[in-house]
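What follows draws every value from the coordinates through simple rules; no lab data is involved. Because the structure is predicted, anything quoted here is derived from the model rather than measured. Note that each Cβ is placed from the backbone with ideal geometry, even for glycine, and that neighbours are counted across all protein chains shown.
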Amino acid sequence: MAAIVEESFSDIVSVELRENSFTVESLSREFPRVRFLLLDDSVSIGARINMAMRIMNAEAILVMWSTMDPPGSITRALETLKRTGTVCLSPALRNERGEALPVVQVPALQRRQLRVMTLPIRGRAVDTLFPFDYVGLYDRRRFEGLGMFDEQIGHPFWQKLDFGFRAALWGEQIRVEPTFRMTYRSMPEPEDQTASEGYERFYARNLAVRIRESGAGVPLLQALPFAIRSRKSIAEALRVFRDASGWVERNRERFLHDARTVVKEWSIDNA
């Protein structure tokens, strides 16, 4: 915390679990500049970030974990964020031994199934589907314009993937910038990519979207094969798809691409 406070950030919000309230009380006396948000463990990571964003006024906000060292000067990263118009600039990350981590998230189709590959940085700024471990410098206005992280998706992987796909479908960019560097003092747990809580909502609002002449939409007929593949009841699948259809209808003008186009163009643009 001391290292973060020493940096020239205009506002610092630390999101803490309510079970750590005694520690937070001590920290708040030691670091009066820091605002602390006490939340329950049941609140998803994306929801915690959303709450912090809502009480901050800065145009750009750095999201990081307490187990990381701050990047030092972020002037260049701020300039890049503003110049490129990206919604989030994700840093090159290293582990506690100083080894570079693969942080570039790339969507691909394997046997007609979506896969997300995590690749190393190759020395130049590249698009990434979502920021690794949520870490990055966010343009607050663009982030809010995208609807922020979906708080009804609790699983971190599907929550990040939903945010990243929504950004891509709506024509926004998330980039990894190799000159913007941060280091973990303690590494996070490996990413769990199994289909679990939130997968259905992610699928229906992103992968099921089709672009027609009349605009974006979610064909309800897709609910049947989805129910069979995911071993869900048809009634549950229809409920999820109807909800997604209504949401896409309300935001139909925002959709510039569908998922197939995003994955296809990604492989071309990043070849």
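Extent along the principal axes, Cα only, for the range 61-133: 44, 32, 23 Å, with the longest axis given first. Separation of the range 68-108 and the range 216-271 by C-alpha centroid, Å? So the separation of the two Cα centres works out to 30 Å. Note on R231 and R252: the model spin-label points, each 7 Å out from Cα along the C-beta direction, lie 3.7 nm apart. Other residues with beta-carbon under 12 Å from the beta-carbon of T23 carry, at +1 per Lys or Arg and -1 per Asp or Glu, a net charge of -2.
Here the relative contact order of the range 88-152, from alpha carbon pairs under 8 Å that lie six or more residues apart, stands at 35 percent.
The helix-only estimate of mean residue ellipticity at 222 nm for the chain, built from DSSP H runs of length n ≥ 4 each weighted as -39500 (n - 2.57), is -10000 deg cm²/dmol after division by the residue total. Shown here for the range 63-157: GluC sites (Glu not before Pro) in loop regions (DSSP other than H, G, I, E, B) with at most 16 other Cβ atoms within 10 Å, namely E96, E99, E151. Largest mean-square fluctuation among I61, I234, I45, in a Gaussian network model of the chain whose springs join Cα atoms under 10 Å apart, belongs to I234. Across the range 199-269, Cα-Cα distances exceeding 19 Å account for 34% of all pairs. For A108 and E7, the difference between the fully extended length at 0.36 nm per residue and the C-alpha to C-alpha distance is 32.5 nm. Bridgeable lysines around K82 (alpha carbons under 24 Å apart, same-chain partners fewer than 8 residues away excluded): K160.
Extents of the range 95-138, taken as max minus min of Cα coordinates on every principal axis and listed largest first, are 37, 25, 20 Å. Legend: helices of the chain (whole DSSP H runs) are marked when their alpha-carbon atoms reach 18 angstrom or more along the helix axis and their mean Kyte-Doolittle hydropathy is at least 0.0; marked are 156-169.
Short-range pairs are left out: with C-alpha atoms under 8 Å and at least six residues apart, the relative contact order of the chain is 19 percent. Taking the inverse of the mean 1/r over every pair of distinct Cα atoms in the range 112-271 gives a Kirkwood hydrodynamic radius of 16.9 Å.
Taking the Kirkwood radius as the inverse of the mean 1/r across Cα pairs, report the Rg/Rh of the chain. Value, to two decimals: 0.98.
For the chain, excluding the exposed loop sites themselves (trypsin sites (Lys or Arg not before Pro), DSSP loop, at most 13 other Cβ atoms within 10 Å), the longest remaining stretch covers 34-96.
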